[in-house]
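The values are calculated or read from the model by the stated rules, or taken from the named source; none is laboratory data. Being a predicted model, the structure only gives us computed values, none of them experimental. As a convention, Cβ positions derive from the backbone with ideal geometry for all residues, glycine included, and neighbour counts pool all protein chains shown.
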Amino acid sequence: DIQMTQSPSSLSASVGDRVTITCRASQVISNSLAWFQQRAGKAPKFLIYATSSLHSGVPSRFSGSGSGTDFTLTITTLQPEDFATYYCQQYDSYPPTFGQGTKVEIK
Amino acid sequence: QVQLVESGGGVVQPGRSLRLSCAASGFTFSAYGMHWVRQAPGRGLEWVAIISYDGSNSLYADSVKGRFTISRDNSKSAVYLQMNSLRAEDTAVYYCVKVPFMRSTTGTGDFWGQGTLVTVSS
């Protein structure tokens, strides 16, 4: 199985900050990389697929990039509703696997 | 709008069975594959199973293979997860998740239900 490792595991930031979360795959994957946001007590929400394509309705302050084994989620101008846990997921091969999550907390 | 509503969770003893259901609406159910994904309390996300749009193909995580069965009824816009020989480590919130692309079995999902909690405990 492909292992996905996110860093950092948690971070503290302020409203208006720029935040970057990285995700590393244990082997080269195509661009089949997705990002999810999960607020406390809620189901995950689909943010980005195919590394950099924004899901319908997702604000443009979210963006994704990367290739090979290294991928990034960037949130420009952090908003109060963005404080949540973020997960990356590879779907290049079965079984699909998720990173362990990055919790974005209020500083 | 897409809606996925899971049901059937509860407390069950180890070794017993449980059947989860997911009722779908707001999209052409028969054209999309469906996943089950679970999340143990305080833990991350784990993919469980996928069924193709027509029910002809399914795949499972090694951790549930041989114990869980995914199925669907396109006439009822519903997907199911039959869970047998349950273990304590199966305790989790189970989410029903829609595949983003028509007639695809891609491993990601764009819409998630609210989840149903399964607790395996004696």
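If B:V93 satisfies all but one of (1) in contact with a Phe, Trp or Tyr (Cβ under 9 Å, 6 or more places away or on another chain); (2) within 13 Å of chain A (Cβ to nearest Cβ), what's the number of the condition it fails?
Going through the list (1) in contact with a Phe, Trp or Tyr (Cβ under 9 Å, 6 or more places away or on another chain); (2) within 13 Å of chain A (Cβ to nearest Cβ), B:V93 breaks only (1).
Would you mind stating whether B:Y53 is touching a helix residue (DSSP H, G or I) at 6+ places or on another chain (Cβ under 8 Å) and at pLDDT 95 or above? Quick ask: steps written out before the conclusion?
Values: touching a helix residue (DSSP H, G or I) at 6+ places or on another chain (Cβ under 8 Å): yes; at pLDDT 95 or above: yes.
Judged against the criteria, B:Y53 is a match.
So, A:T51, is that one farther than 21 Å from B:V48 by Cβ and within 13 Å of chain B (Cβ to nearest Cβ) or not?
So A:T51 passes the test.
Among the listed residues A:S26, A:S12, identify the single one that is touching an Asp or Glu at 6+ places or on another chain (Cβ under 8 Å), more than 13 Å from every other protein chain (Cβ to nearest Cβ), at negative phi and modelled with pLDDT of 95 or more.
A:S12 is the lone residue from the list that is touching an Asp or Glu at 6+ places or on another chain (Cβ under 8 Å), more than 13 Å from every other protein chain (Cβ to nearest Cβ), at negative phi and modelled with pLDDT of 95 or more.
When the stretch B:85-122 is examined, which residues are found to be within 21 Å of A:P96 (Cα to Cα), in contact with a strand residue (DSSP E or B) (Cβ under 9 Å, 6 or more places away or on another chain) and surrounded by fewer than 15 Cβ atoms within 10 Å (Cβ to Cβ)?
Passing the criteria: B:E89, B:Q114.
For the stretch B:94-122, which positions are of a type in the set (G, A, S) and either touching a helix residue (DSSP H, G or I) at 6+ places or on another chain (Cβ under 9 Å) or closer than 21 Å to B:G44 by Cα (or both)? Before you say what the answer is, go through the steps one by one.
Restricting attention to the stretch B:94-122, the residues satisfying the condition of being of a type in the set (G, A, S) are B:104, B:107, B:109, B:113, B:115, B:121-122.
Residues satisfying the conditions are B:G107, B:G109, B:G113, B:G115, B:S121, B:S122.
Could you tell me which of the residues A:D17, A:D82 is among the acidic types (D, E) and within 14 Å of the chain's Cα centre (by Cα)?
Sole residue among the options that is among the acidic types (D, E) and within 14 Å of the chain's Cα centre (by Cα): A:D82.
Only residues in the stretch A:75-100 that are more than 8 Å from chain B (Cβ to nearest Cβ) count as the first member; pair them with residues that are of a type in the set (D, E), Cβ under 8 angstrom, at least 6 apart or cross-chain, and list the lot.
From residues that are more than 8 Å from chain B (Cβ to nearest Cβ), the pairs are A:I75/A:D82; A:T77/A:D17; A:L78/A:D17; A:F83/A:E105.
Going by what's in this entry, would B:S63 be described as in a loop (DSSP other than H, G, I, E, B), within 14 Å of chain A (Cβ to nearest Cβ) and of a type in the set (S, T, Y)?
yes
Output the number of the condition that B:Q114 fails; it satisfies all remaining conditions of (1) within 9 Å of another protein chain (Cβ to nearest Cβ); (2) part of a strand (DSSP E or B).
The one condition B:Q114 does not meet is (2).
Would you pick out the residues in the stretch B:66-78 that are of a type in the set (V, I, T) and either within 14 Å of chain A (Cβ to nearest Cβ) or in contact with a Lys or Arg (Cβ under 6 Å, 6 or more places away or on another chain) (or both)?
B:I70 - this is the single residue of the stretch B:66-78 that is of a type in the set (V, I, T) and either within 14 Å of chain A (Cβ to nearest Cβ) or in contact with a Lys or Arg (Cβ under 6 Å, 6 or more places away or on another chain) (or both).
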